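One structure is given below, encoded as structure tokens.
Here, each number is a calculation from the coordinates, and none is a lab measurement. Please read all numbers here as calculations on a predicted model, not as lab measurements. When we count neighbours, we look across all protein chains shown, and the Cβ atoms used for this are built from the backbone with ideal geometry, even at glycine.
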Amino acid sequence: MAEPLLVVEDLHAWYGEAHVLHGMHFSVRTGEVVTLLGRNGAGKTTTLKAILGIVPRRSGSVRFEGQELVGLPPHRIARLGIAWCPEERGIFASLDVQENLLLPPVVAEGGLSSAAIFELFPNLRERLSSQGTKLSGGEQQMLAIARILRTGARLLLLDEPTEGLAPVIVQQIGRTIRRLKEQGFTILLVEQNFRFAAKLADRHYIVEHGRVVDEIAATELGPGQERLVAYLAV
Amino acid sequence: MAELLGIPAPVLFGQLLLGLINGAFYAILSLGLAVIFGLLNIINFTHGAQYMMGAFTAWMLLNHLGLGYWWALLLAPLLVGFTGILIERLLLKRLAGLDHLYGLLLTFGLALVIQGLFRNEFGSTGLPYAIPPELRGGQNLGFMFLPNYRAWVVGVSLAVCLATWLVIEKTRLGSYLRAATENPTLVQAMGIDVPRMVTLTYGFGVALAAFAGVLAAPIYQVSPLMGADLIIVVFAVVVIGGMGSILGSIVTGFGLGVIEGLTKVFWPEASSTVIFVIMAIVLLLRPAGLFGRSG
């Protein structure tokens, strides 16, 4: 059987002296939606950043389509077809909406056309000339997702896309992620909102203290759900 | 003879023109500083020395290689810009993430070293550089005499400033630059080679300084300290315009040149301090500068 699209093995990461990831192991297969679940500070966001190569120091192995990413600079990693939607959304204040949308360079064929993007996010079309940060929180989140869809990247790393958003917007983002999965995108999703994640994902990895401590498939309904709740209960 | 506000018109317009000339140099130099500060977060104190290097490169091209003004206008920015690229790659790069103070110390020290080397080689008396034949002479506008070379300096400076502004504000390359100024990590994670962009941006800012140096060569004497004298005023211009603001540096550069020129007419004693007085007032009322974003 072919190797999964993304394979993470024994991934460690540091911020200065702080050792944040202590040997992450997990993998994502082409076309899957996989979540990293866990409490605040467990290392989920750092895991995404370590995949992208934007932590100060990392070791171990991250393979994408069989190619080793540890050791590559971030812009080379992105060019292989990995796109990131950061937790703070990263909308640029000095760029208007159109410039924000067109900012990430196209890295491969097969990205969404502008028409397809506006069909997914109709609000954006009317705001093209607004300053990026003048949008509402929900619109900024949509813009942050929209701009990585046109690049042709096939693996999307989404960091808490529902954080702080109204339920209607959360539902819209949920529908969007489902549509993207149907179109063959592979998605690694970091979430704290497990109700949201449970409806979308094929598999969940539970992250605690910089390690994967459990894996729960969406098909393991009853007992899996109980375990999930146990992990995430505060 | 016509008088305006009790001042003979030729005197008034003469000083206005002188103010515009100075303003042109302020604008190009502070524009380079703004571009560099925006992306590198480095206050480039070497800028004055790099302006001087541009003038000397023009002088050396003429006296050693027989290449005249127009070649110098093209080659000096490229050559001096290339030394800027070396400085960024070998030195400035290592300061990434450190306090502003380190960049300031390094670039200030570099300026002293470069000025010292040139003084050692050429002495401190200035070297003459002739106005190119195409731009000699002038126009009598009726109310004043306009030397062609000075008109050219104001015109080409405006054009270079506007072109730079257009590239930064209206093109895709410019949107990369603006985005990387805000959040370089995210821009690099989108697949853009930010370290290379940083190097080229520094090279471009330095090339602008050298370009101004070539423009200045026929007006001022080519001397090792020509930049050191000018750069203090240019830093005041940058502070007034707002650190890192592109449009701010252009408008403030020309504007303050004119204000300085007019002060020479109405209150000559104050002309060398007026810019610093304005700087103090602006810092009190709008600490981020006239065009700066606060916070």
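Points worth noting:
- Cα→Cβ-extended label distance, 7 Å offset, between residue A:134 and residue B:102, nm: 3.9
- Neighbours of residue A:57 by Cβ distance under 12 Å: Lys/Arg scored +1, Asp/Glu scored -1, total +1.
- For chain A: span of alpha carbons on each principal axis (Å, largest first): 45, 40, 39
- In this simple spin-label model, placing a label point 7 Å from the Cα along the Cα-to-Cβ direction at both residue A:65 and residue B:171 gives a separation of 3.0 nm.
- With a cut-off of 20 Å on the backbone N, the residues of segment A:170-211 near the modelled label site 7 Å out from residue A:18 along Cα-Cβ are A:190-192, A:207-211.
- Net charge of neighbours whose Cβ lies under 12 Å from the Cβ of residue B:14, counting Lys and Arg as +1 and Asp and Glu as -1: +2
- Amide H contacts of residue A:81 (H built 1.01 Å from N, under 5 Å, at least 5 apart or other chain): none
- Chain B - percent relative contact order, Cα under 8 Å, separation 6 or more: 38
- Residue order, fewest to most surrounding Cβ atoms within 10 angstrom, among B:175, B:271: B:271, B:175
- Computed [θ] at 222 nm, deg cm²/dmol, the protein assembly as shown (DSSP H ≥ 4; -39,500 (n - 2.57); rounded to nearest 500): -17500 deg cm²/dmol
- Crossing angle, helix B:47-65 versus chain B [Cα axis fit, 0-90 degrees, rounded to tens]: 70
- For segment B:275-283, the Karplus equation 6.51 cos²θ - 1.76 cosθ + 1.60, evaluated at θ = phi - 60°, returns couplings of 5, 6, 5, 4, 4, 4, 5, 4, 4 Hz by residue, with Gly and Pro reported as x.
- This model, with +1 at the C-beta of Lys and Arg and -1 at the C-beta of Asp and Glu, gives the protein assembly as shown a dipole about its Cα centre of some 360 debye.
- Look at the stretch B:179-186: the mean tally of other chain Cβ atoms within 10 Å of its residues' Cβ atoms is 6.
- The residues packed around residue A:109, meaning those with a beta-carbon under 12 Å from its beta-carbon, carry a net charge of +2 if Lys and Arg are +1 and Asp and Glu are -1.
- Computed about its Cα centre, the charge dipole of segment B:3-285 is approximately 440 debye, with only Lys, Arg, Asp and Glu carrying charge at their Cβ.
- Positive-end ranking of A:212, A:25, A:174 along the dipole of segment A:6-232, with charges on Cβ about the Cα centre, is headed by A:174.
- Nearest 10 degrees, 0 to 90: helix B:246-266 Cα axis against chain B principal axis: 30
- Estimated at 0.36 nm per residue, the fully extended path between residue B:117 and residue B:71 surpasses their Cα-Cα distance by 14.1 nm.
- Compared with the direct C-alpha span, the chain from residue B:9 to residue B:163 gains 52.2 nm at full extension, assuming 0.36 nm per residue.
- Stretching residue A:168 away from residue A:40 to a fully extended chain increases their span by 43.7 nm, per 0.36 nm per residue minus the current alpha-carbon distance.
- Per-residue shielding of B:169-178, expressed as the average number of other chain Cβ atoms within 10 Å of the residue Cβ, stands at 3.
- The mean count of C-beta atoms from other chains within 10 Å of the C-beta of residues in B:190-199, rounded to a whole number, is 5.
- Nearest-ten-degree value, helix B:69-90 long axis tilted from longest Cα axis of chain B: 30
- Partners of residue B:264 within straight-line reach, counting aspartates and glutamates whose Cα lies under 20 Å from its Cα and excluding those fewer than 8 residues away in the same chain: B:3, B:229.
- Neighbour counts of other Cβ atoms within 10 Å put B:220, B:102 in the fewest-to-most order B:102, B:220.
- Burial ordering of A:19, A:75, fewest other beta-carbon atoms within 10 Å first: A:19, A:75
- Efficiency of FRET from Cβ geometry, residue A:126 and residue A:192, R₀ 35 Å, rounded to 0.05: 0.65
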